[in-house]
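**Q** Structure provided below as structure tokens; questions to follow.
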Amino acid sequence: MSTDLTVVVIAAAFSGGLSSEWSVGGRDTVQAIRTLLISFFEWFGELGRFCGQLIRSAVSPPFEWRELVRQMDAVGAKSFPLVAVAGAATGVVLSLQTRDSLIRFGAKSFLPAVIVFSLIRETGPIIAGLVVSGRVGAGIGAELGSMKVTEQIDAIEASAVDPFKFLVATRVLACITMLPLLTLVADFCGILTGWVANTLAEPVSLRLFLNHGFRSVTFHDFLPSTIKTAVFGSIMGVVSCFQGMRTSGGTEGVGRSATSSVVLSSLFIILADVVLVRVILVFYP
Amino acid sequence: MSLIETQTDQAPVSVTGLSKSFGNQKVLTALDLTVNRGETVVLLGRSGTGKSVLLKLIIGLQQADEGSIRINGREIAELSLDELNETRKTIGFLFQQAALYDSLTVEDNVAFPLSRHTRLAPAERTQRVRELLERVGMEQDVNKMPSELSGGMQKRVGLARALALEPEILLFDEPTAGLDPITSDEIGKLISKLKKERTMTGIVVTHDIHGAKEFSDRFVMIHEGQIVIEGTFGKLQKSQDPFVVQFMRGVV
């Protein structure tokens with residue numbers, strides 16, 4: 001039942017324009033659900049074809065190195081301040097919230113470990129994923145969308161250049177490579193501000209905080225969680241490029257693409273996280 | 001001489017029985033058109049009659065429902081993507097809104113096809129870009145972004161980009177649309193100059209019939225997806241066809 005409901009909700013997200021049909025009589029509602037389901041499966045079908053074309057373009061030379069570097073700068077370096085602030089804020093909040101709870105259970109000495117564990121294993125990756133998907137997803141959706149409606153993508157094709165190679169592969173690769181690095185930034189800033197918030201309440205040296213925090217952290221806590229953000233990166237890259245490249249309907253369409261890029265990227269990142277956490281726990285219990 | 005070699009005795013562009021619909025709307029119906037080597041054909045017709053669609057079909061940006069499009073004798077629907085791209089290198093396309101790449105400078109826009117399809121050294125490429133921009137009178141603006149240019153300037157840069165590979169066939173989609181009469185005249189003169197400088201096989205979609213007289217070898221008027229008349233400006237003026245009469249009266 002809940003699966004059916006999820007399918008309908010996601011289908012509704014893909015074809016927002018059809019929502020007015022819900023208020024009409026029963027038969028129309030059935031028809032509307034059918035249309036939504038069809039558009040839902042069509043969307044995934046087209047996405048599959050898009051991914052196939054993307055992989056073909058990405059692995060065949062010549063490669064667009066210059067554009068790749070430009071995109072890595074746009075996705076990575078330009079998201080740096082945002083991710084740093086989001087990570088820092090998360091560190092403070094984690095410190096404030098858990099401190100209170102741990103004191104209540106008499107486990108105050110675990111505070112550094114809780115902050116470090118929580119940031120490295122889950123909070124850092126998901127915060128980086130969602131914040132970057134908001135910034136980069138909207139950017140890619142709007143940029144490719146406006147290129148589509150102003151015929152720039154047609155112009156690339158007319159110049160005998162593969163737009164998948166030039167526009168899509170470079171953006172997706174930039175997202176895949178930059179997101180794990182941005183996650184490190186979120187982790188670092190979060191742990192640092194976690195210590196600052198903690199030391200304001202009760203002074204403790206950074207060295208002691210880190211010693212306590214990292215005492216039982218292993219490489220297995222850090223590596224899979226950080227690398228899983230490459231999957232988040234591929235999701236936001238592929239979904240945003242896909243939404244951007246299928247834009248139609250002028251500037252209104254560009255707005256729709258930007259919005260749906262963010263909404264769908266964030267949604268799929270959260271859903272993928274559920275699966276990835278489970279998979280990681282199987283391999284690294 | 002073209003940077004991309006083509007050798008054939010066939011007509012550069014040959015379209016037969018071409019039909020294209022969007023949903024229920026028929027845009028082109030069994031259209032036949034042949035453009036001979038060195039000939040410039042001007043396509044006329046009301047907005048939405050499929051003139052731009054025809055250009056996009058010729059360069060393979062859209063697929064025809066029925067009919068055949070041959071570029072130098074090769075059926076484009078039967079080409080693989082690599083072969084289609086080879087064919088595209090012999091065609092220069094000027095888009096209606098110029099379609100310059102927003103994120104690239106004027107210089108990089110013009111260098112875009114050159115850096116991907118030629119083996120020119122960076123210095124030679126820069127030199128070639130300068131020459132192309134000089135040809136369209138834009139050599140002062142190499143480092144500007146497209147957003148800093150006016151509509152007419154964008155069209156000129158678009159023209160320089162279309163000419164970058166010295167294509168054999170040129171397709172112009174409303175080169176003077178949305179421009180003031182003086183800039184329109186300048187663009188018209190540029191096309192005339194091109195025609196004099198080299199053997200230009202071209203299709204020009206335009207509403208500026210008087211400007212087009214300068215470079216047109218043949219006018220072709222499309223109405224309801226088919227050609228209603230083709231010939232010289234004089235022939236169009238003398239036509240008794242009600243649509244042609246109405247169109248020409250509107251223009252004159």
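FYI, it's all coordinate maths here, none of it is from the lab. Because the structure is predicted, anything quoted here is derived from the model rather than measured. When we count neighbours, we look across all protein chains shown, and the Cβ atoms used for this are built from the backbone with ideal geometry, even at glycine.
**Q** Express the relative contact order of chain A as a whole percentage, based on alpha carbon pairs under 8 Å and six or more residues apart in sequence.
**A** Taking the mean separation of contacting Cα pairs over the length of chain A, I get 27 percent.
**Q** Turning to a different aspect of this structure: Cα centroids of region B:213-252 and region B:43-94: how far apart, whole angstrom?
**A** Taking the Cα centre of each part, region B:213-252 and region B:43-94 sit 23 Å apart.
**Q** Show the residues, 5+ positions off or on another chain, whose built amide H is closer than 5 Å to the amide H of residue B:170.
**A** Distant-sequence amide H within range of residue B:170: B:92, B:201, B:202, B:203.
**Q** What's the angle, to the nearest 10 degrees (0 to 90), between helix B:106-117's Cα axis and the longest principal axis of chain B?
**A** 90 degrees
**Q** Ok, one more. Shielding by partners for B:116-122, please: the mean number of other protein chain Cβ atoms within 10 Å of each residue's Cβ.
**A** 2
**Q** Something else: Place a +1 charge on the Cβ of each Lys and Arg in the protein assembly as shown and a -1 charge on the Cβ of each Asp and Glu, then give the dipole magnitude about the Cα centre in debye, rounded to the nearest 20.
**A** Once rounded to the nearest 20, the dipole reads 860 debye.
**Q** Next up: Please compute the Kirkwood hydrodynamic radius of region B:101-167 from all pairs of different C-alpha atoms, in Å with one decimal.
**A** Mean inverse Cα-Cα distance, inverted, gives 11.6 Å.
**Q** Alpha carbon centre of region A:43-73 versus region A:79-131: separation in Å?
**A** Answer, in whole Å: 35.
**Q** To the nearest 500 deg cm²/dmol, what mean residue ellipticity at 222 nm is calculated for chain B from DSSP H runs of n ≥ 4 alone, each contributing -39,500 (n - 2.57), summed and divided by the residues?
**A** -11000 deg cm²/dmol
**Q** Given only helices, namely DSSP H runs of n ≥ 4 each adding -39500 (n - 2.57), what is the per-residue ellipticity at 222 nm of chain A, to the nearest 500 deg cm²/dmol?
**A** Calculated at 222 nm, the ellipticity per residue is -26500 deg cm²/dmol.
**Q** A further question follows. How charged is the neighbourhood of residue A:283? Take every other residue with its Cβ under 15 Å from the Cβ of residue A:283, and add Lys/Arg as +1 and Asp/Glu as -1.
**A** Once positives and negatives cancel, what remains is +2.
**Q** Further question on the same structure: Just to confirm the number: angle between the C-alpha axis of helix A:138-149 and the first principal axis of chain A, 0 to 90 degrees, nearest 10?
**A** Tilt relative to chain A: about 10 degrees.
**Q** Could you give me the ³J(HN,Hα) list for region B:20-32, computed from phi with Karplus coefficients 6.51, -1.76, 1.60 and θ = phi - 60°, whole Hz, x at Gly and Pro?
**A** Each residue of region B:20-32 in turn: 8, 10, 10, x, 8, 8, 7, 9, 10, 10, 6, 8, 10 Hz.
**Q** Now, a different point. With 10 angstrom as the radius, rank B:169, A:115, B:182, A:55 by how many other C-beta atoms surround their C-beta, starting from the fewest.
**A** B:182, A:55, B:169, A:115
**Q** Return the sequence-ordered ³J(HN,Hα) values of region A:234-245 in whole Hz as given by the Karplus equation 6.51 cos²θ - 1.76 cosθ + 1.60 applied to θ = phi - 60°, using x for Gly and Pro.
**A** Using θ = phi - 60°, the values come out as 5, 5, 5, x, 5, 5, 5, 5, 4, 5, x, 6 Hz.
**Q** Next question. Taking the alpha-carbon distance from residue B:196 and a cut-off under 19 Å, which aspartates and glutamates remain once sequence neighbours fewer than 8 residues away in the same chain are dropped?
**A** B:39, B:131, B:134, B:166, B:168, B:185, B:186, B:214, B:217
**Q** Per residue of B:232-244, what is the mean number of Cβ atoms on other protein chains within 10 angstrom of that residue's Cβ?
**A** That works out to 0 on average.
**Q** Only Cα pairs under 8 Å and at least 6 apart count here; give the relative contact order of region B:101-167 as a rounded whole percent.
**A** Relative contact order, region B:101-167: 48 percent.
**Q** Over the whole of B:103-111, what's the average partner chain Cβ count within 10 Å per residue? Rounded to a whole number, please.
**A** 1
**Q** Tally Lys and Arg at +1 and Asp and Glu at -1 over the other residues with C-beta under 14 Å from the C-beta of residue A:225: what net charge comes out?
**A** Residues near residue A:225 contribute -1 overall.
**Q** Mind listing the phi-derived Karplus ³J(HN,Hα) values for region A:32-49, rounded to whole Hz, using 6.51, -1.76 and 1.60 with θ = phi - 60°, and x for any glycine or proline?
**A** So the Karplus estimates, Gly and Pro as x, are 5, 5, 4, 4, 5, 5, 4, 5, 4, 6, 4, 4, 5, x, 5, 4, x, 5 Hz.
**Q** Something else about it: Would you work out the relative contact order for chain B, in percent, from Cα pairs under 8 angstrom that are 6 or more residues apart?
**A** 27 percent.
**Q** Hey, another quick one. Return A:189, A:175, A:51, A:241 ranked ascending by Cβ neighbour count within 10 Å, so the fewest neighbours appear first.
**A** By the 10 Å Cβ count, ascending, the order reads A:51, A:189, A:241, A:175.
**Q** Beyond a 32 Å Cα-Cα separation, which of these cross-linked pairs lie in this structure: B:20/B:193; B:56/B:195; A:165/B:213; A:78/B:51; A:228/B:56?
**A** Violating the 32 Å limit, Cα to Cα: B:20/B:193; A:165/B:213; A:78/B:51; A:228/B:56.
**Q** Plugging the Kirkwood radius over Cα pairs into Stokes-Einstein for the protein assembly as shown, at a temperature of 20 °C and a viscosity of 1.002 mPa s, what D comes out in µm²/s?
**A** 80 µm²/s
**Q** Okay, next question. So what is log10(I(q)/I(0)) for region A:191-285 at q = 0.14, 0.15, 0.20, 0.22 1/Å, when the Debye sum runs over its Cα atoms only?
**A** Cα-only, vacuum Debye calculation for region A:191-285: -0.74, -0.78, -0.94, -1.01.
**Q** Next up: Once amide H atoms are placed 1.01 Å from N in the peptide plane, what residues at a sequence separation of 5 or more from residue A:64, or on another chain, have their amide H within under 5 Å of its amide H?
**A** Those qualifying (amide H under 5 Å, at least 5 residues apart or on another chain) number zero.
**Q** All other residues with a Cβ under 11 Å from the Cβ of residue B:126 taken together, and with Lys, Arg as +1 and Asp, Glu as -1, what is their net charge?
**A** -1
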